[in-house]
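The next block holds one structure in the form of structure tokens; read it before the comments.
The values are calculated or read from the model by the stated rules, or taken from the named source; none is laboratory data. Values in this document were obtained by computation on a predicted structure and should not be read as measured data. Here the Cβ positions follow ideal geometry from the backbone for every residue, glycine too, while neighbour counts run over all protein chains shown. The accessibility values were calculated without ligands, DNA or RNA, using every heavy atom of the protein model including side chains. Shrake-Rupley method; radii C 1.70, N 1.55, O 1.52, S 1.80 Å.
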Amino acid sequence: MTLGIGGSNTKRELENMTPMISNTVSINKSEYYERINKLTSIMKKNDVDAIYLDSSTNLSYFTSIKLHPSERLHGAVVLPNGKIYYICPEFEKEKTIDLITIEGEIITWQEFQSPTKILINLLNDLIKPNSIIAIDEMTPLFIFDSISKFNNQFTLINAEEITKLCRITKSKNEISIIQSAMNITLEVHKATARILYEGITTEEVQQFLVDAHLRLGADTAPVFKIVLFGEASAYPHGVSYSQSLKKGDMVLIDVGAGLAGYCSDITRSYVFGDTNHYHKQIWEIEKEAQIALFEKAKIGAECQMLDAAARHVITKNGLGPKYNTPGLPHRAGHGIGLDIHEHPYIVEGNRTKLSKGMCFSNEPSICIYGKFGVRLEDHIYMDDNGANWFTQPSYSFEDPFGYKS
């Protein structure tokens, strides 16, 4: 039997929960200005004369404005001198004014007008012909296509290499927010393990994940909540059908929620009821691979080296090789921040070197289709001394949450 699994219920666990966040968590105004300064510095070095930010996390990162993307263009233009022009529907002007933290001029468009034509006309007024305009990499194709049709004098480039240089390293404040979000999710994992019983459905567990995160202080419900039992645990992003828990099932739960716009993301795998030697063998290979990745995470190490370190452990134990199954079919990790998946990516071929402030997952899954899977996922942040855990990894197969430690 696995320690810490079962023995409680949803009502008891929720009643015992109080918010883990006592103060308002946010990024202060001065930090947004620091981000704009870094952005404009990179633009100048690359001879970029303007950058368009769509209704994406890039807009949120640089200006604090959080918008849901839609068919209506709603974004901002930033110039190398730091001047910002917000572009929005006329009927959203008052809302936009209310959202603005970083000062700028507001340009509006009416429903009968083309917002992309207004955007190009604005750029025509602001910058010289033959200038380079960087377009937010998250801009929907239909908006980019329309910008391209009205553009006849600018060179349009993908802004990803610019935004990545800004966002790939996190400030102390960002790391602190992510840490708080991770702390909440780890407590949710512990409580979720305690509510399990034979016959509970994946939907019931998913609802608890939502309720528990909000109860503990997350400010948004989980945007993803993967709950898998038994054979279904072999599929990294889940299955389309409901499951009911049986004794002897491997349980895999992958969940995260939002705090001040930042994401948490933790996966735990353990067995409900009686375990067997094969479960334990695969779980311990997974744990060894996770530790190998962590130990390779040094300042200056290439991201691909971390992926290779985890994959080496899996391969030497007769799984794989490389991205083959049974084994690890996906990258070993991804960056985290305002997006659940962002740079840096821990994957073969990525020669990006680790530096202070980078934050990323460590999750070298083992997938054995037709039987079960194991994923242990915790996140790492880099400081001057190297790698640090946001959350301590699972302790052991028999005691995943470390109740005896």
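Of the residues W283, W389, ranked by 1.4 Å probe accessible area with the largest first, the sequence reads W389, W283.
When the convex hull of its Cα atoms is viewed from all sides, the chain shows a mean projected area of 21.3 nm². Over the chain, with every protein chain in place, what whole percent of the accessible area is carbon and sulfur at 1.4 Å, could you tell me? Accessible surface attributable to carbon and sulfur in the chain totals 50 percent. Accessible surface comparison of V25, V374, probe 1.4 Å, protein chains only, largest first: the order is V25, V374. Could you provide, to the nearest whole Å², the per residue accessible area of segment 44-180 with probe 1.4 Å? On a per-residue basis, segment 44-180 sits at 48 Å². If only the Cβ of Lys and Arg carry +1 and only the Cβ of Asp and Glu carry -1, the dipole of segment 224-314 around its Cα centre is close to 140 debye. With a/c under 1.5 counting as rounded, go ahead and sort segment 64-122 into rounded, prolate or oblate using the C-alpha gyration tensor (a ≥ b ≥ c being the square roots of the eigenvalues; past the cut-off, prolate if a/b is larger than b/c, else oblate). Oblate shape, in that a/c is at least 1.5 and b/c is the bigger or equal ratio. Looking at this model, which pairs from K29/K356; K66/K149; K44/K128; K11/K404 are more than 20 angstrom apart at the alpha-carbon? Over 20 Å Cα-Cα: K29/K356; K66/K149; K11/K404. Percent antiparallel among DSSP beta bridges with both residues in segment 1-136, to the nearest 5? Percentage antiparallel, nearest 5: 45. Not counting ligands, DNA or RNA, and with a 1.4 Å probe, what is T220's accessible surface area in Å² rounded to the nearest 10? Here the accessible area works out near 60 Å². Solvent-accessible surface of segment 292-362, taken per residue with a 1.4 Å probe and all protein chains present: 41 Å².
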